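FYI, it's all coordinate maths here, none of it is from the lab. Remember, predicted model here, so these are calculated numbers, not experimental data. With ideal geometry, Cβ positions are generated from the backbone for all residues, glycine too; neighbour counts draw on all protein chains shown.
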């Protein structure tokens, strides 16, 4: 059973998935830093507060932290867009258009014979 588990882990798909998860986590922290330290201050020009996560409103005793949600939405959009670009580039590299198949000479000849017979009628 241990041998089967080792084979499973060393298969390409499981290893690729593990690498993807680790890279995704690292990329997520980079994007979070960009949103907090670069995009947040730009948005603060319009909102008047430097920390977007500080944006909130209160109804009674309930506090709604819409700034934190805004941060996460911006993170999601950036990560989604970068993944879209990566997938698009990979598809362009690995799925190059295949050359058109040449028609079978027998079919071409038969088509010419058919067309010639139609003309003779």
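Points to keep in mind about this one:
- Using the rule -39500 (n - 2.57) for each DSSP H run of four or more residues, divided by the residues of the chain, the 222 nm mean residue ellipticity is -23500 deg cm²/dmol.
- The chain, relative contact order in percent, only Cα pairs under 8 angstrom and at least six apart counted: 14
- In degrees, nearest ten, helix 105-120 long axis to first principal axis of the chain (Cα): 60
- Against the main long axis of the alpha-carbon atoms of the chain, helix 12-34 sits at an angle near 40°.
- Matching label, percent of Cα pairs over 23 Å apart computed from the structure shown, candidates (i) 47; (ii) 65; (iii) 23: (ii)
- Distance between the modelled labels on residue 7 and residue 121, one decimal in nanometres: 6.3 nm (7 Å Cα→Cβ projection).
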